[in-house]
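Read the structure below first, then the notes.
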Amino acid sequence: MSLDPQTFTTASPSVETVSGPGSGTLTSRGSTSDDEKMRRPLTLCPSGCRATIHTDELDLDARAMLEAMGVEHGCEVEICKVGSPCILRVESTRFGVGREVAARITATVTTTLNGSPLPG
Amino acid sequence: MALIGNPNTGKTTLFNRLCGLRARTANYPGSTAEMRIGRCDRGDQNLEIVDLPGIYGMDLDLPESRMCRDCLDGRLEETPDAILVVIDATAPARGISLAIAAIARRLPTVVALNMADLAARRGLSFDEERLASKLGVPVVAISGRTGRGMDALIEAIHKAIPGHAVLPLPSATNLERRAWIDEAIAESMGGHDAVGSGRDSVFDRLDKAFTHPILGLVVFVGVMGALFWTIFSLAGIPMDLIDVLFEKFGGLAAAILPEGPIRDLMVDGIIGGVAGTVVFLPQILILFFLLALLEDTGYLARAAFVMDRVMCRFGLPGQAFVPMLSSHACALPGIMSARLVPDRDDRLATILVAPFMSCTARLPVYVLLIGLLFDGSPWLAGFAFAGCYLLGAAAALISALIARRTILPGRSRPMVLELPAYRRPSIRNAILVSWDRGMVFLKNAGTIILGIVIVMWWLSAYPKAESPDAAIALRTEAAEVMTADPVHSEELEAQAERIELNAQQSGSFAGQIGTLAQPLFAPLGADRTLTVGILTSFLAREVFVSSLAVLQGGGSDVDDDESVLTLVRDAKRPDGSRLFNTATAASMLVFFVLAMQCLPTLAVTRRETGSWKWPALQFAWMTGLAWVFSAIVFAVVTASTTA
């Protein structure tokens with residue numbers, strides 16, 4: 001069955017982004033204050049964990065580029081290496097992220113190195 | 001047909017598979033960016049394919065995305081009749097997103113699921129029919145590397161029609177588009193990506209090593225050392241062969257053509273001038289072959305991060321390191337390899353400063369001037385050599401920083417790179433890439449560079465100077481003693497020839513310009529002779545040594561370092577003082593480290609930047625900087641030696 005985007009709805013979008021050249025303002029919804037508390041810069045996350053990343057502190061161009069590459073705001077990634085560069089894995093693709101960009105990306109760690117969910 | 005796809009999806013491999021050597025490189029109309037256009041002939045089916053640059057998104061505010069939009073939306077001279085979208089079968093989501101944007105153009109479109117063999121090995125399977133019905137266009141599983149699926153792909157292209165399925169609208173949110181793509185993948189893809197944890201942990205370890213601040217640097221130095229050692233080792237023989245070949249051509253032309261201006265033009269102007277540039281072809285071919293192999297392995301993306309830590313302090317990205325390093329061999333391949341730098345402003349800054357790096361053509365001049373300065377002090381001479389290289393590199397980096405803060409302001413593209421999977425490189429691909437670069441270089445050598453060398457030859461060869469009385473007297477004497485003492489006769493003839501050459505140098509337009517320009521170079525300690533030497537070396541730096549030898553009466557054939565050194569060391573000014581005192585030698589050394597004295601480099605800069613504005617700026621900045629620093633050095637050393 002094909003989905004008609006004109007009638008397409010999402011039950012409860014946690015994040016919505018609009019990007020690209022000439023696009024309007026970027027919005028992000030659904031980030032609870034708890035989420036915000038759990039967020040930390042990508043550069044401070046442990047290697048080997050999985051995390052949901054937040055790109056809302058990046059400028060438009062960097063954010064649009066990351067989204068086009070498949071590193072979208074709210075997507076879950078595996079953090080393979082922390083440092084310069086940070087190496088992320090999204091699905092089967094790896095990305096190197098320079099320290100300057102990585103410092104402006106925040107992440108919420110969802111599972112730790114051994115695969116167990118984070119306590120609390 | 002336009003070929004589009006994300007970077008690292010094997011788009012160029014597919015293009016090479018379809019077109020092979022039947023491809024040429026052309027500029028996008030009104031732009032400096034290149035596109036490759038190829039022809040694919042299969043039976044009675046002929047296709048002209050335009051390989052567009054790899055992009056992550058059609059709507060990004062990046063030059064390559066704009067180019068793709070302009071091409072597909074018909075804003076260039078020709079609108080493609082069809083689009084072939086290449087998708088990586090092992091990671092199809094981003095590719096499908098690009099395919100949606102392409103299909104929205106309402107042109108006949110085909111989707112190629114490339115690397116299908118690799119996907120199958122990983123345990124992934126695709127229902128192409130299902131994905132085709134979801135996208136509304138044909139989908140063909142292929143492997144650009146092995147050639148699997150090529151016939152089916154070409155058949156699909158010829159039958160392609162505009163897409164007819166309902167796709168996410170351009171106004172759809174990312175979340176909506178992503179959900180649609182996930183559903184499309186879930187419906188058409190089976191199996192589980194068995195990207196083994198073993199393979200992943202090997203990749204992890206390699207990534208950690210290759211991007212480590214110290215280990216990564218050690219690996220990088222090793223790889224680059226091996227790369228340039230290979231270039232120097234392998235290029236020597238074909239370079240010598242090219243030299244010999246052009247010498248033979250020159251000899252042949254000289255033997256066939258009657259004496260006169262046509263022969264001079266052919267032998268000294270065209271053949272001699274082109275030989276001086278074409279001799280670098282082996283270096284260019286080997287450099288691009290090895291770079292293509294390295295890029296294919298996936299290593300270069302990691303190396304870019306290693307060097308980014310250093311280069312970003314000077315406003316350059318990590319990718320700029322390879323062009324800068326290549327420029328130590330010759331600025332021509334260095335500037336041409338700046339296309340590894342994705343951002344336009346970063347690339348321009350790299351091209352502008354790359355010729356500061358000390359190339360091999362500067363070596364004879366360094367040997368001569370350092371020999372004059374530190375004769376008998378090998379340690380000091382060694383330090384001076386290293387100092388020349390460091391001065392060039394420092395000037396390049398500081399100039400890049402200044403350029404990025406003034407004429408090329410703005411932030412660099414964010415340093416986010418896809419790290420392609422490590423894999424065995426394709427030799428075939430590397431050969432085709434280096435062939436393509438070689439052809440571009442030869443075309444340049446045969447057009448712009450040829451024109452420049454003809455003009456320079458004409459300036460130094462005309463007007464023809466009368467033979468000086470001293471030369472006539474020597475020739476008469478040579479004729480008289482010919483039978484009695486043929487050896488002495490030959491010596492006299494050679495002496496006469498040197499005097500004539502000297503007279504020609506001084507009387508030519510170049511020589512006259514030298515006389516006029518002498519006051520400009522006086523603050524650097526240069527007299528008229530030295531000024532002519534400097535001016536002739538603007539054609540190519542290495543000419544300086546032979547020019548000085550000729551101007552000091554040694555003849556252009558004096559190429560033994562010691563002979564030239566002795567000749568130049570003993571050279572005197574009209575007032576009887578030494579031509580090269582310490583201050584002049586030091587100021588000339590600094591001048592030759594920093595000045596832009598290579599017309600082929602300016603021609604290649606023009607080609608790579610698409611405008612004469614950039615080579616003009618490059619020439620003015622480098623030569624101006626060289627003049628200022630040389631004048632300072634001359635003044636300081638003169639003051640300290642006379643104090």
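The values are calculated or read from the model by the stated rules, or taken from the named source; none is laboratory data. All values reported here derive from a predicted model rather than from experimental measurement. Note that we place each Cβ from the backbone using ideal geometry, even for glycine, and neighbour counts take in every protein chain shown. SASA here: full protein model, heavy atoms, side chains in, ligands and nucleic acids out. Shrake-Rupley method; radii C 1.70, N 1.55, O 1.52, S 1.80 Å.
Worth pointing out:
- Candidate cross-link partners of residue B:464 among the aspartates and glutamates, defined by an alpha-carbon separation under 16 Å and a same-chain spacing of 8 or more, comprise B:259, B:264, B:268, B:497, B:500.
- Charge context of residue B:527, other residues only, Cβ under 12 angstrom, K/R +1, D/E -1: +3
- Loop-located trypsin sites (Lys or Arg not before Pro) across region B:159-189 with a Cβ neighbour count of 10 or fewer within 10 Å are lacking, with loop assigned by DSSP.
- Expressed as a fraction of 2.2 N^0.38 Å, the C-alpha radius of gyration for region B:2-194 is 0.97.
- A dipole drawn for chain B from +1 and -1 charges on Cβ atoms has a positive end, and of B:104, B:224, B:586 the residue lying farthest that way is B:104.
- In chain B, the calculated helix contribution to ellipticity at 222 nm averages -19000 deg cm²/dmol per residue, counting -39,500 (n - 2.57) for every DSSP H run with n ≥ 4.
- The share of alpha-carbon pairs in region B:474-545 lying farther apart than 19 Å comes to 49%.
- Sparse-neighbour loop sites [trypsin sites (Lys or Arg not before Pro); region B:368-438; at most 15 other C-beta within 10 Å; DSSP]: B:411, B:423
- Taken about its Cα centre, region A:33-111 carries a charge dipole of roughly 420 debye when the Cβ of each Lys and Arg holds +1 and the Cβ of each Asp and Glu holds -1.
- Of all accessible heavy-atom area on the protein assembly as shown, the percent that carbon and sulfur account for (1.4 Å): 61 percent
- Förster-model FRET efficiency, 35 Å R0, residue B:488 and residue B:643, C-beta, rounded to 0.05: 0.10
- HN-Hα J in Hz across region B:413-423 - Karplus 6.51, -1.76, 1.60, θ = phi - 60°, x for Gly and Pro: 4, x, 7, 10, 10, 6, 9, x, 4, 5, 7
- Pairwise centroid distance, computed over Cα atoms, of region B:267-337 with region B:364-430, Å: 11 Å
- Loop-located GluC sites (Glu not before Pro) across region B:215-310 with a Cβ neighbour count of 11 or fewer within 10 Å are B:259, with loop assigned by DSSP.
- Between residue B:125 and B:190, B:191, the built amide H atoms are under 5 Å apart, and every one of these is 5 or more places off in sequence or on another chain.
- Kyte-Doolittle at least 0.0, axis length at least 20 Å by Cα - qualifying DSSP helices, chain B: B:215-256, B:281-297, B:378-405, B:427-444, B:613-642
- Of the residues B:56, B:168, B:82, the one whose Cα sits farthest toward the positive end of the charge dipole of region B:2-194, with +1 on the Cβ of Lys and Arg and -1 on the Cβ of Asp and Glu, is B:56.
- Counting only lysines at least 8 places from residue B:208 when in the same chain, those with an alpha carbon closer than 19 Å to its own are A:81.
- Rough spin-label spacing in nm, given labels placed 7 Å along Cα→Cβ, for residue B:262 and residue B:339: 3.9 nm
- Taken along its three principal axes, the alpha carbon spread of the protein assembly as shown comes to 106, 67, 44 Å, from the longest extent down to the shortest.
- Accessible area (Å², per residue) of the protein assembly as shown, counting only protein heavy atoms and a probe of 1.4 Å: 43 Å²
- Rg then Dmax, both in Å and based on the Cα atoms of chain B: 29.5, 100.
- From phi via Karplus (6.51, -1.76, 1.60), per-residue ³J(HN,Hα) for region B:105-117 in Hz, x at Gly/Pro: 6, 6, 9, x, 10, 10, 10, 9, 8, 7, 6, 5, 5
- Nearest-0.05 FRET efficiency for residue B:202 and residue B:447, computed from C-beta distance (R0 35 Å): 0.15
- Where a label projected 7 Å from the Cα of residue B:385 along Cα→Cβ would reach, residues of region B:337-379 with amide N under 16 Å: B:358-379
- For residue B:209 and residue B:185, the FRET efficiency from 1/(1 + (r/R0)^6), where r spans their Cβ atoms and R0 equals 35 Å, is about 0.60.
- On association of chains A and B, roughly 3600 Å² of accessible area becomes buried (total for both chains; probe 1.4 Å).
- Size of charge dipole - the protein assembly as shown - debye, nearest 20, with Cβ of Lys, Arg +1 and Asp, Glu -1, no other charges: 1820 debye
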